[in-house]
1. Looking at the range 120-147, I want the residues that are within 15 Å of Gln185 (Cα to Cα) and in contact (Cβ under 8 Å) with a residue 40 or more places away in the chain and have a partner that is in a helix (DSSP H, G or I) and of a type in the set (Lys, Arg) with Cβ atoms under 6 Å, at least 6 apart or on another chain. Which pairs are those?
2. Hydrophobic (A, V, I, L, M, F, W, C) and farther than 28 Å from His49 by Cα - does that describe any residue in the range 111-122?
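The values are calculated or read from the model by the stated rules, or taken from the named source; none is laboratory data. Fair warning: this is a prediction, and the values are worked out from it, not measured in the lab. Counting neighbours? That spans all protein chains shown, and the Cβs are built from the backbone with ideal geometry, glycine included.
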Amino acid sequence: MAKTHTLPVASPGPGIGRRQVVRGLLTGAGAGLAIPGLAGAHPLAEHAHHPERIETAQEKAKDPAGAPEFLEPYSFAMLDTLGERIVPGAGAAGCALFIDSLLAVGTRDERQRVLSALGAIDGAARDRFGVPWSGLTEPQQDELLTAVSTAKPGREDRAWRRASSVADHLARAQAETAPITLRDQFDHLKAWVMGAFYSSEAGLRELGYDGPAFADSFPGCSHPDGHRGEAGA
């Protein structure tokens, strides 16, 4: 699939951590990192308040031979290839491992929603082509995801409204009675993938930021006497 969002961003500053990037993507605060669709009740929102989760997931995403903690092999492989179809480069950035690590410490509802979304896409592949997602060719995957991503969502009001608070948005979402459609399932997975990719170093580079990122600490002054003023220090 074609990439959904490739927006320029302002330089977040040296040594920015991934947690800061995630929070910036969700809120646009302080770094010009906001991307449409990554706000409000985004699935990464709660995890952004737990730096240890983000740091652990980040380290696991760096291991190309890493094994999933929560997803079973078929679902993990599906998430990996699905992510690549949504945002080319997501596979190399370890997005599936990043997401799996967060799901491993996430809520039961959070896990179930991802599993349900993966199952819905897999079922759509069987309905359309007679084979599961793993049996589709890349052109078939693109055809399916194009159809799914352009279908009418069942919960249009779930989109965050700029003039409303997050609490109001969540209240509206919980009050909805419309059924969750295949488009809704796809949008949920897309939100996960985009959040994982655009908070990675590869994602930041695609957005136009080439500076250092993800430093855990800043080096101290290397001057033997430290930093002192010329007079009266």
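1. Sorted first by the residue in the range 120-147, then by its partner, the pairs are Leu145/Arg85.
2. yes
One line per residue, one yes/no per condition, for (1) within 12 Å of the chain's Cα centre (by Cα); (2) over 14 Å from Ile121 (Cβ atoms); (3) at pLDDT 95 or above:
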| position | (1), (2), (3) |
| --- | --- |
| Lys62 | no, yes, no |
| Ala67 | no, yes, no |
| Phe70 | no, yes, yes |
| Pro73 | no, yes, yes |
| Leu82 | no, no, yes |
| Phe98 | yes, yes, no |
